[in-house]
Amino acid sequence: MQDPIIQVRGLRKAYGRLVVLRDVDLDVQPSERLVVIGPSGSGKSSLLRCLNYLTRPDAGTIAIDGVPLDDDEATINAVRAEVGMVFQRFNLFGHLTAVENVALAPRLVRGVAPTVSRERAAELLDKVGLADKIDSYPSTLSGGQQQRVAIARALAMTPKVMLFDEVTSALDPELVHEVLIVMKQLADEGMTMLVVTHEMRFAEEVGTRLIFMDEGAIVEQGAPGDVLRSPEHPRTQAFLERVLW
């Protein structure tokens, strides 16, 4: 067993009296595809946002590839450069073309030369099936296309880990498939992935482990097929009965 690329111990987060994470312990191995499911408000998105300190926890420890996260801004920025995150909303810069959106961060953060960053951005857009859209602005792209640009933008930083926070939930049903295809390709290539999703078929086909969260805690975890088909915890059973049937 390799050392975990993500190690979380005793993670807690609250907003006033509302506790969104309750003493969460979690290890993620390199190349693991961890799928996170649970009801709205269960702490799924808060967990992902804590992993790159977009949300700062109240207690507990987080280490990414052996580097402990703390309040040191230099450390946070260094770790963020290694952890790509794709959100439910695309958050693209509307005044930049697709290729400019993808090329921006490597140029500004890593100091990559403009010609090199643009060439790499074009390669990544081709990778996500958008070679013919490199000079298109976000307003001219469909939701699925914009989300694929957002994935390419995250990949442009050559991250060690990719976080996906319900990236298909804002898409029309017919556009979900094209985004999931890209995510499956990344999984096949060995990318370490944490995926918050309601796409249970994707969870079973692509995930190597699934965790079910409720009220800020990990209630149950295991192989995706085992948890989805034969959940042991009553809370998991009740949730899946509503979601799957």
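The values are calculated or read from the model by the stated rules, or taken from the named source; none is laboratory data. Just so it is clear, the model here is predicted, and its values are computed rather than measured. Glycine also receives a Cβ, built like all others from the backbone with ideal geometry; neighbour counts cover every protein chain displayed. Note: accessible area is taken over every heavy atom of the protein model, side chains too, but ligands, DNA and RNA are not part of it. Shrake-Rupley method; radii C 1.70, N 1.55, O 1.52, S 1.80 Å.
Key figures for this structure:
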item	result
Any hit, segment 197-205, residues being farther than 12 Å from ILE37 by Cα and modelled with pLDDT of 95 or more	no
Which numbered condition VAL227 fails, given (1) under 24 Å from VAL83 (Cβ atoms); (2) crowded, with 21+ Cβ neighbours inside 10 Å; (3) of a type in the set (A, V, I, L, M)	(1)
Selection within segment 32-44 - among the polar types (S, T, N, Q) and either at pLDDT 95 or above or open to solvent by less than 10 Å² (accessible area, probe 1.4 Å) (or both)	SER42
Within segment 203-222, considering residues that are outside any loop (DSSP other than H, G, I, E, B) and open to solvent by less than 10 Å² (accessible area, probe 1.4 Å), the one nearest to ARG17 (Cα to Cα)	MET213
Residues of segment 90-107 that turn out to be modelled with pLDDT under 95, in contact with a helix residue (DSSP H, G or I) (Cβ under 6 Å, 6 or more places away or on another chain) and surrounded by 14 or more Cβ atoms within 10 Å (Cβ to Cβ), as a count	4
Given (1) among the charged types (D, E, K, R); (2) closer than 30 Å to GLN145 by Cβ; (3) under 17 Å from the mean Cα position of the chain (by Cα), index of the condition ASP27 fails	(2)
Answer from VAL24, VAL28 - the residue that is modelled with pLDDT of 95 or more, surrounded by 22 or more Cβ atoms within 10 Å (Cβ to Cβ), under 16 Å from MET213 (Cβ atoms) and not small (Gly, Ala, Ser)	VAL24
Top-ranked residue of segment 50-89 - restricted to ones that are β-branched (Val, Ile, Thr) and surrounded by 16 or more Cβ atoms within 10 Å (Cβ to Cβ), ranked as nearest to GLN2 (Cα to Cα)	ILE64
Conditions (1) over 30 Å from PRO231 (Cβ atoms); (2) at pLDDT 95 or above; (3) buried (at least 21 other Cβ atoms within 10 Å of the Cβ): number failed by LEU47	(1)
Those residues of segment 108-144 which are open to solvent by 90 Å² or more (accessible area, probe 1.4 Å), part of a helix (DSSP H, G or I) and charged (D, E, K, R), in sequence order	ARG118, GLU119, ARG120, GLU123, ASP126, ASP132
Whichever residue in segment 167-196 is among the acidic types (Asp, Glu) and at pLDDT below 90 and, among such residues, is surrounded by the most Cβ atoms within 10 Å (Cβ to Cβ)	GLU178
Tabulated pairs, segment 133-151, first without any contact (Cβ under 8 Å) to a residue 40 or more places away in the chain and within 12 Å of GLY94 (Cα to Cα), second polar (S, T, N, Q) and part of a helix (DSSP H, G or I), C-beta under 9 angstrom, 6+ apart or interchain	SER136/GLN145
Enumeration of residues in segment 217-245 that are over 16 Å from HIS198 (Cβ atoms), over 25 Å from the mean Cα position of the chain (by Cα) and acidic (Asp, Glu)	GLU232
Single condition LEU210 does not satisfy, out of (1) within 26 Å of PRO159 (Cα to Cα); (2) free of Cβ contacts under 8 Å to residues at least 60 places away in the same chain	(2)
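Yes or no, residue by residue, for (1) of a type in the set (A, V, I, L, M); (2) out of contact with any Leu (no Cβ under 6 Å at 6 or more places or on another chain):
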position: VAL36; (1), (2): yes, yes
position: SER46; (1), (2): no, no
position: GLY60; (1), (2): no, no
position: VAL83; (1), (2): yes, yes
position: LEU92; (1), (2): yes, yes
position: LEU96; (1), (2): yes, yes
position: GLU100; (1), (2): no, yes
